[in-house]
Each structure stands twice: as C-alpha cells, then as structure tokens.
Number of protein chains: 2
Amino acid sequence: MTLKFITGNPNKFREAKQILGNVEKIAMELPEIQEINAKKIIEYKLQEAMKTQKGEFFCEDTSLYINSLNGLPGPLIKWFLESMKTEGIYRMASFSSDRSATAKTIIGYTNRNEIRYFEGKIDGEIVAPKGETNFGWDPIFLPKGYMKTFAQMTPEEKNEISMRKKALTKLKDYLESRK
Amino acid sequence: MTLKFITGNPNKFREAKQILGNVEKIAMELPEIQEINAKKIIEYKLQEAMKTQKGEFFCEDTSLYINSLNGLPGPLIKWFLESMKTEGIYRMASFSSDRSATAKTIIGYTNRNEIRYFEGKIDGEIVAPKGETNFGWDPIFLPKGYMKTFAQMTPEEKNEISMRKKALTKLKDYLESRK
C-alpha cells in the first residue's frame, strides 16, 4: 500500500518524495482548528482525513517558536505573517534581548489504528529579514551555527539541515523498522 | 420562539439576558477554526450549530485588536493569554510607542435562513496590568476617556460602556424592528 502525504504544498511534497521514495500526494483541504498545540491540529486533520481516505497517510505542521514570546507564534505563524509580515515579527521579537527561536516540524502519521508523531527541530535566532521573501518566515530565521538565514540558502542547503528532513527521516526509519 | 445564545460563559449570558430579556442558554462546545477573521469563526460555529439546533440563535466573539500589531491578537487573544499572560502582551505591545487598541464584540445571529452580524467596539490603549486578573485581558485595557482599566471597574461600570453591550443593543434593535 502506498503511503500518502496530505499537503497542498508542492515543495514539501518534493522533499518528502526525495526522502521516503514511494509517496503519493493527496491535496485535500482540511479544516485547521484554532489551537496552539500542533499535535492537536494534526490529530484533528488526520481524523477528518480518515473519514474519506484509506490506507496509511500523514500530514505535518512546521512552525516557528520564539522563546521570548513563550513559544508564540507556533502554529499561529500564518496569522502573524498575514498581519505583520516578517518585518513586524522581527520588531515584535525585538522587545526582548533574547532572540532565540526554534523551527519545528511535527509529522502525524496514521495507519488508521493509531497516530504516531515524529519531530524534527532546529534552533536559531530571529534576525532582521534577509534574503528572498517567497517562503514564509525563512528571511527572519538564522539557524544556529550558520551565517545565512533560511531565505539566503539554496533549497538544497536548507533541505540538508531542515527540521522537516529530520522529521521525515524519523518517519522513514519507523516505516523501515516495521518491515 | 425563544432566542438562544450559544455560550459557555455565565457572565456573558447574564449580560445578554439583562439586555435581551427572553434568552435561553445553549452550552455546546463548537469547534473554533483557525482564523483571524472573527466573522469566519462565527459563521463556522453557527453552521455547526445549525446541524443540531432549531429556531433562532446567536454566538459572539469578543477580541482585542492592537493597532501596532496590525490588529493582532484579535480572535487569537486566547492563545496570547495562554502563552504570555497579560504582562507579556503588554511588553509585546510596548515595542511601539503607539499603544492604541480596540476591543470589539461581533455577534452572529441566525434564523437559519441568513446570518446577520452586529458589532460593538470601544477604543482604548494597552497599559501595564492593573486590577483584578480574573477576566482575560481586562487588566491591560484602558478604555479611552477613563482612568481605570476594565479590570479596575465594577462589573456594572464595565457593562455600562462595554463593546458587548453595544453589540447586544444592536441585536435587540434589529429583533424589535421585525415585530
């Protein structure tokens, strides 16, 4: 049975395919409940998907957690970007001298019997926007130990160290361990 | 037919009863979709409620919109409070010299044929927390022209000027205009 990835994002799908190999894309719009706990958002989506989808599938949440904001925006990042753009989030985070943040991907996988979560994260800090602005909060996230924001890296450089790759690799290891 | 108010909040219900008279409380848990547009959140709730409820009913959203944050937190206020408390929201708003904010209640009413919205708002500013901390963001909201935060007012003082009263009064006027 082919594993399915529920996502509307072609870049995320491409990355998953590179790591997992045999994956199919399901582009279904799933309601996103108002929650700050990413696992609950994922759980709700998977339960909605189970109403129509068979087999094994997964979805993911990738969010930015700013420490001085006690973990905000987290899954609310979409609304922060819509309201304030990266520049505004940078200014908001600047009220504190602690600019540390974590980028985290959580994958929720289900075979319809149970849900399993796989996490990947990368620490960094919030900086003034630098680089291409085409991908969400990438311009304001500087990964620890690097001199470039995510937006200044090539897709290959970013994917090599990304939180999403770490989570996908854990999912892959789990799937292989069952064989 | 008795009008019904979908709310889990006894204070909100009491206030509605004082203004509208004949109201019944329905305490049903409705899913809150992740949205920054309060009307969309309300619309979704009403549509969910229509699946099981008959007659006429309404629900409301009361949120705090901070101008320097381009209207955030808005309906996300719950998560801002959970993550940062009033003190943290005050500090966050303090990165700008513009501390102006608007407290807004939006009521969504339906008779199952259509949805109508009624808004009430009050302008003010974000200040360091003052007063009882038992009701959400009341300690950091100082209404324009007053010397006390919402949390420093008695419930009667607050209800007299509140955004919720303004919205409820508009709903009442509408209901009476149809008679």
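Computed on the Cα trace of the stretch A:3-177, the radius of gyration divided by the Kirkwood hydrodynamic radius gives Rg/Rh = 0.97. Computed from Cα atoms, the angle from the helix B:163-177 axis to the main principal axis of chain B rounds to 20 degrees.
Among the residues of the stretch B:78-108, those with an accessible-area drop of 20 Å² or more from chain alone to full protein complex, heavy atoms and 1.4 Å probe, are B:TRP79, B:PHE80, B:SER83, B:MET84, B:ARG91, B:MET92, B:PHE95. When the solvent-accessible area of the stretch A:3-177 is split by element, carbon and sulfur atoms take up 46 percent of it, the probe being 1.4 Å.
Chains B and A together bury roughly 2200 Å² of accessible area, counting both sides, with a 1.4 Å probe on protein heavy atoms only.
Of the listed residues B:MET163, A:MET147, A:MET50, the order by accessible area with a 1.4 Å probe, largest first, is A:MET147, A:MET50, B:MET163. Couplings 3J(HN,Hα) of the stretch B:139-153, computed from phi: x, 10, 10, 9, x, 4, x, 10, 9, 10, 6, 3, 6, 8, 7 Hz, in residue order, whole Hz [Karplus 6.51 cos²θ - 1.76 cosθ + 1.60, θ = phi - 60°; x for Gly and Pro]. Here the Gaussian network model covers chain B, with springs between Cα atoms less than 10 Å apart; of B:TYR117, B:TYR44, B:TYR109, B:TYR44 fluctuates the most. Calculated mean residue ellipticity, 222 nm, chain B: -11000 deg cm²/dmol, from DSSP H runs (n ≥ 4) at -39500 (n - 2.57) each, averaged per residue and rounded to 500. Across the identical copies, the label point of B:ARG14 (7 Å from Cα in the Cβ direction) is separated from its matches by 5.9 nm, in order from shortest. Close amide H pairs (under 5 Å, H built 1.01 Å from N) link B:LYS4 with B:GLU24, B:GLU56, B:PHE57, B:PHE58, residues at least 5 positions away or on another chain.
From largest to smallest, what semi-axes in whole angstrom does the protein assembly as shown give when each is the square root of 5 times an eigenvalue of its alpha carbon gyration tensor? Don't jump to the answer; show the numbers that get you there.
Details: eigenvalues 325, 156, 42 Å².
Each semi-axis is √(5λ); the values are 40, 28, 15 Å.
Relative to the other identical copies, A:LYS78 shows label-point distances of 1.6 nm, where the label point lies 7 Å from Cα along the Cβ direction and values run shortest first. Peptide A:66-74 shows a mean partner chain C-beta count of 4 within 10 Å per residue C-beta.
Counting only Cα atoms, the stretch A:1-93 measures 47, 27, 20 Å along its principal axes, largest extent leading.
What the phi angles of the stretch A:123-132 give under the Karplus curve with 6.51, -1.76 and 1.60, with θ = phi - 60°, is a coupling list of 8, x, 9, 8, 10, 4, x, 9, x, 4 Hz, glycine and proline written as x. Residues of the stretch B:32-52 whose accessible area (probe 1.4 Å, heavy atoms of protein chains only) drops by at least 40 Å² once all protein chains are present, relative to their chain alone: B:GLU32, B:GLN34, B:ILE36.
Extent of the stretch B:83-179 along its three principal axes (Cα atoms, max minus min coordinate, largest first): 48, 25, 23 Å. Label-point distances for A:GLU29 to the equivalent site in the other copies, using a point 7 angstrom along Cα→C-beta, read 2.7 nm when ranked shortest first. For the stretch A:58-74, backbone phi angles converted through the Karplus equation (6.51, -1.76, 1.60; θ = phi - 60°) give residue-by-residue couplings of 8, 9, 9, 10, 10, 9, 10, 10, 9, 5, 5, 9, 6, x, 5, x, x Hz, Gly and Pro being listed as x. With a Förster radius of 41 Å applied to the C-beta separation of A:LYS172 and B:LYS78, the computed FRET efficiency comes to 0.65.
The values are calculated or read from the model by the stated rules, or taken from the named source; none is laboratory data. Just so it is clear, the model here is predicted, and its values are computed rather than measured. Using ideal geometry, Cβ is built from the backbone for each residue, glycine included, and neighbour counts are taken over all protein chains shown. Just the protein is used for accessible areas: all its heavy atoms, side chains included, with ligands, DNA and RNA removed. Shrake-Rupley method; radii C 1.70, N 1.55, O 1.52, S 1.80 Å.
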